[in-house]
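Single-structure report; data block below.
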Amino acid sequence: MRFSRARARMRSQLIAELLRLASRPDVLSLAGGVPAPELFPLPELKAAAQRALERHGAAALQYSPTEGHPVLRRWVAEGLGVSEDQVLITSGSQQVIDLVARVLLDEGDPVAVELPTYMGGLLAMNPYAPRYLGVPADARGLVPGGLPERAKLLYLLPNFQNPTGAVLAADRREAVAEWARERDAVVLEDDPYGHIYFEDPPPPPVFSLAPERTVYAGTFSKLLAPGLRVGYAVAPVELIEALAQAKQAADLHTNILGQAIIAELIESGAIAPQAERVRDFYRRRRDQMVSALRRHLPPEVRFDVPAGGMFLWLRFPPGTDTRRLLELALEEGVAFVPGEPFFAADGYPAARLTFASVPEEAIEEGVRRLSRAYVRYLEDPGAGRDLALGGE
Ligand SMILES: Cc1ncc(COP(=O)(O)O)c(C=O)c1O
């Protein structure tokens, strides 16, 4: 087959391989990135679907405007204090990343990304062949002093970052906004986890500090259910128009029945209590994972306690071979995501664990198996067999 050049940039062998390994029945997976299915509000969704179909009939199944359902657009606009024509409803926030890349990036354009960042974001941008410039990050998020002299786009995850769990500090948000203004760069602020806070809500978004040069991406995936595939972009009107044209070419519009169901939930006041439920649920699981890690893992394996979101990021001593560790972990019956694919440039040995979709009783056992694997690794750090993880 004579594929396009873009096709060659779409490979995601590592993720596919990991998902395969982690789905073995004997393996307890701390690797996934999916929400807990117990949190999907099934009775409310069923009732909302019924109401949507009764109220709108065939219109809930017909082609519909690219910009999205007016109730959703209004809800998003009110949340950020902007006008509705600054909102585009999308097929998940993943589509926002693709659309932004489509309308802004030419081959070789410099794109600043956090080290580490969401690997799905890199996968979405890869076909457009940007030149990634890595920006270091610490416990307070991206380090503004590490931002490049010049970039067309900054892909930023300010809240409970995937994979690190870090929150970008308020003063650093100001610095990012200033940098974007000075360098004439656009910030793509990807925020699927901001509403999953365990203590205080995160600081105001970069969008509120530099609304003229930020695309804010949000989603109903972690609040309601990812299978609905409903997310949104908020941006200056000129950019929203460009994104809407790109979206029209890509998929015409976002699944309208899904949007109509969400509109019913918004109008019946079901969103706020659901958000509360999500926070309480994940807070308990976070606590459990943190206490298991403190009991079982040696102190040289470091982590910060995430104040929200779905992930916990382990940092191993320099030189640790996390592929070898993963091989041993799989033998012990536990999976994690090695840090490597989250780094667009040089990284360090790390592992992403999720506490979101792991049943409470399995968290303790998973961590125990991981610590057994680490002890075995220390005894025999020899080269791992080729797990076919990567090869790119
Ligand atoms: C940082 C980040 N951005 C975007 C997405 C995509 O989410 P969705 O397309 O379901 O809104 C995810 C999903 O895990 C994510 O972690």
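No value in this document is a laboratory result; all are computed from the given coordinates. All values derive from a computational prediction rather than experimental measurement. Every residue, glycine as well, gets a Cβ built from its backbone with ideal geometry; the counts of neighbours run over all protein chains shown.
So here's what we get for this one:
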item	result
Per-pair calculated FRET efficiency, R0 = 56 Å: L378 and S268 via Cβ, rounded to 0.05	0.55
Distance between modelled label sites at V305 and E361, nm, 7 Å Cα→Cβ extension	2.7 nm
For the range 73-80, Karplus couplings with θ = phi - 60° (6.51, -1.76, 1.60), whole Hz, Gly/Pro x	4, 5, 4, 5, 4, 5, x, 9
Kirkwood Rh, Cα atoms: Rg over Rh of the range 186-339	1.05
Length-normalised contact order for the range 63-156 - Cα pairs under 8 Å, 6+ apart - percent	26 percent
Label-zone membership for the range 363-383, site R284, 7 angstrom Cα→C-beta point, backbone N under 15 Å	363-364
Principal semi-axes in Å for the range 68-220 [√(5λ), Cα gyration tensor, largest first]	22, 19, 15
Under-5 Å amide H pairs with T219, H placed in peptide plane, nonlocal only	Y232
Alpha-carbon Rg with Dmax, taken over the range 82-171, Å	13.6, 36
The range 288-335, Cα convex hull volume normalised per residue, Å³	97 Å³
Calculated from backbone phi, Karplus (6.51, -1.76, 1.60) coupling profile of the range 359-364 in Hz, x at Gly/Pro	x, 3, 5, 7, 4, 4
Principal axes of the range 279-367: Cα extent on each, largest first, Å	36, 28, 23
Volume in Å³ per residue [convex hull over Cα atoms, computed for the range 122-177]	85 Å³
Percent of Cα pairs exceeding the 26 Å cut-off, where the set is the range 1-151	53 percent
Cross-link partners of K222 among lysines (Cα-Cα below 28 Å; sequence separation of 8 or more within a chain)	K46, K247
Surface/4 of the Cα convex hull for the chain, nm²	19.7 nm²
Gaussian network model of the chain, Cα within-10 Å springs - most flexible of R172, R55, R229	R55
Pair D251, S208: separation of 7 Å Cα→Cβ label points (nm)	3.0 nm
J(HN,Hα) series, the range 121-130, from Karplus relation 6.51 cos²θ - 1.76 cosθ + 1.60, nearest Hz, glycine and proline x	x, 5, 4, 5, 8, 3, x, 8, 6, x
5 angstrom amide H check on V187, placed H, neighbours 5+ away	L154, T214, V215
Percent antiparallel among DSSP beta bridges (both partners in the chain, rounded to 5)	50 percent
The chain: relative contact order as a whole-number percent, Cα under 8 Å and 6+ apart	24 percent
Semi-axes of the equivalent ellipsoid for the range 25-90, Cα gyration tensor, largest first, Å	30, 20, 12
Calculated SAXS-style log₁₀ I(q)/I(0) at q = 0.18, 0.22 Å⁻¹ - the range 150-266, Debye, Cα scatterers	-1.03, -1.30
Sites R295 and A47 - FRET efficiency at Förster radius 51 Å, r taken between beta-carbons, to 0.05	0.75
Sorted by Cβ density within 10 Å, fewest first, the residues T164, T214	T214, T164
Point-charge dipole on Cβ atoms (K/R +1, D/E -1) for the chain, about Cα centre, debye to 20	700 debye
Amide proton proximity set for G68, modelled H, under 5 Å, gap of 5+	I89
Cα coordinate range in the range 84-126, projected on the principal axes (Å, largest first)	33, 21, 14
Size of charge dipole - the range 1-102 - debye, nearest 20, with Cβ of Lys, Arg +1 and Asp, Glu -1, no other charges	640 debye
